[in-house]
Structures are given as C-alpha cells and as structure tokens.
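Single-structure report; data block below.
Just so it is clear, none of the values below were taken in a lab; they were calculated from the coordinates. Predicted model, so just to flag it, every value in this text is computed and none were measured. Glycine also receives a Cβ, built like all others from the backbone with ideal geometry; neighbour counts cover every protein chain displayed.
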C-alpha cells in the first residue's frame with residue numbers, strides 16, 4: 001500500500017498535468033487542423049474527440065512495447081517515427097474494420113472522423129513524447145489518457161463557443177474562422193493559468 | 001551486431017509494417033458498408049478530394065443519375081418516334097380514306 005500510493009499519486013498527477021497544464025492543442029499545438037476544422041458543432045467535435053481518445057490510448061499501448069522490446073534492443077531507434085506512423089495507420093484500419101463489421105451504430109456515430117485520425121498529429125505526438133522522454137509503461141498510459149481527455153475537453157469547449165458565435169451578429173470581417181482563432185487564443189491564455197499544476 | 005545487419009533488420013521491419021498496413025487497408029475496403037451508414041453526400045459536394053470515401057459515393061451516384069437520364073432520354077425518343085409513326089400512319093390512313 002505504501003509503495004502503490006506514490007505511484008497512484010504520480011499517475012493521477014500525470015493525467016491532470018497532461019490534460020490541463022500541458023494541453024495537447026492549446027499548449028503543444030498538436031492537432032490544430034482538426035481543432036479548427038471539425039469544431040463547428042458540438043456533436044461532431046465530441047465524436048472526433050472520442051475517436052482520438054480511443055486511438056491514442058490504443059496506439060500508446062502498442063507502440064511502447066514495440067519501441068522498448070524491438071527497436072531499442074536492436075539499436076534501431078531511428079526507425080521510431082516511421083514505425084509509429086505505420087502502426088497508427090494500421091490500428092485505425094483495424095479498429096475501423098471491427099467497428100464496421102460488429103457495431104454499425106458506432107460506425108455511424110464516428111462516420112468520416114475515424115479515417116481522419118490517421119492524419120491527426122496529436123496521436124503521433126503523444127506516442128513520440130512517451131518514448132522520447134523515457135516514461136515507463138504506466139506513466140506513458142497516464143500521459144496518453146490525460147492528453148486524449150484534454151483534447152476531448154478542448155474540442156467540446158471550443159465547439160460550444162463556436163456554436164454561440166454563429167448566432168451572434170458581429171463584424172463581417174471576423175465572421176467564421178477569424179473570430180474562432182481569436183477565441184482559441186483567449187482559450188490558450190486561459191489554459192496558461194493551469195501551468196505549474198504538476199510541479 | 002554489424003551495421004549491415006542493422007540495416008537489414010530495419011528494412012525487414014519496414015516491410016512487415018508496410019505489408020500489415022496494406023493488408024488492413026484492403027480488408028477495410030472489402031468489408032461492406034453497413035445499411036444506413038453511407039456518408040451524407042450533400043456536405044461533400046464542394047470537396048475536391050476524389051479519393052475520399054464520401055466523394056466516391058457521390059461520383060457513383062452521379063454516374064447512376066447520368067445513366068438513368070440517358071435511359072429516360074432513350075425512352076422519350078422512342079416514344080416520340082412511336083408517336084410520330086402513329087401520327088404518320090393516321091395521316092396515311094386518312095389519305096387512304098380520301
């Protein structure tokens with residue numbers, strides 16, 4: 001119990017800090033394309049966030065053993081990025097295949113967002129960070145979990161803001177993407193308030 | 001381990017990963033789309049990516065529409081020919097009566 005308590009504390013701290021203080025979108029600037037492109041509606045951004053959550057955790061689960069048990073012992077660490085890209089792309093195809101065959105309702109809910117995850121750099125960024133910083137398996141899973149929940153949180157918050165903005169009457173120059181980027185900037189500054197939470 | 005062996009192992013891993021991706025991609029493509037899960041075409045009309053799943057449906061539907069239009073035009077022309085033939089036969093009949 002005395003040994004597990006610090007690990008649980010570190011695990012939870014890693015989740016919270018990667019979710020809020022070191023947010024993947026607003027602090028590390030990964031996954032900006034989907035952040036701006038798919039955040040028109042709350043429903044679509046929630047679907048995208050959930051799909052990214054699922055694939056990020058699964059990719060971290062698969063890529064960590066590949067790096068530590070295959071690439072590192074064979075001294076071919078230079079292959080890491082290439083390996084991760086191919087593993088993530090294959091994972092997305094396999095997940096899509098199973099969902100397509102066994103859960104049509106979930107496939108309908110994910111829609112076009114499932115294949116789009118392959119090109120989401122947030123997934124690759126998380127996996128790369130896990131191995132570059134030398135995290136152990138538990139902490140890398142915590143990082144993946146926290147980062148993906150942070151992505152989901154920011155996507156849903158930003159889509160709520162954008163839905164409200166659609167109903168407002170403002171200057172035509174700021175309509176659409178420009179005001180969305182201004183809002184993203186303000187959100188990023190707001191998230192800076194969480195900095196130092198994991199130290 | 002010598003550098004040559006490392007390169008060979010790296011290439012072998014790369015080939016395995018590429019093969020895995022191609023196999024999963026083909027399996028995904030071959031799995032039939034569940035009923036009612038076709039993507040909405042109206043949202044994708046302005047998109048220029050022709051390789052996208054949704055746009056493939058769009059182009060397929062366009063081809064079906066165009067073939068249907070062709071069939072309709074063929075039917076219409078046949079009807080018009082029949083009508084004209086019928087009229088001409090009537091005129092011929094009337095001429096015979098005269």
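Other protein chain C-beta atoms within 10 Å of residue C-beta, averaged over B:14-20: 4. For chain A, the longest principal axis of the alpha carbon atoms and the long axis of helix A:80-102 meet at an angle near 70°. Distance distribution P(r), segment A:5-57, all Cα-Cα pairs, bin width 10 angstrom from 0: 22, 44, 26, 8, 0 percent.
Extension gain, residue A:188 to residue A:102, is 27.0 nm, computed as 0.36 nm per intervening residue step minus the present C-alpha separation.
With N the number of residues in segment A:77-199, Rg(Cα) / (2.2 N^0.38 Å) evaluates to 1.33.
For q values of 0.19, 0.20 Å⁻¹, compute log₁₀ I(q)/I(0) with the Debye formula on a Cα-only model of segment A:57-145, without solvent. Treating every Cα as an identical point scatterer, log10 I(q)/I(0) equals -0.85, -0.91.
Hey, rough spin-label estimate for residue A:175 and residue A:68, points 7 angstrom out along Cα→Cβ, what's it come to in nanometres? Result for the modelled spin labels: 5.4 nm.
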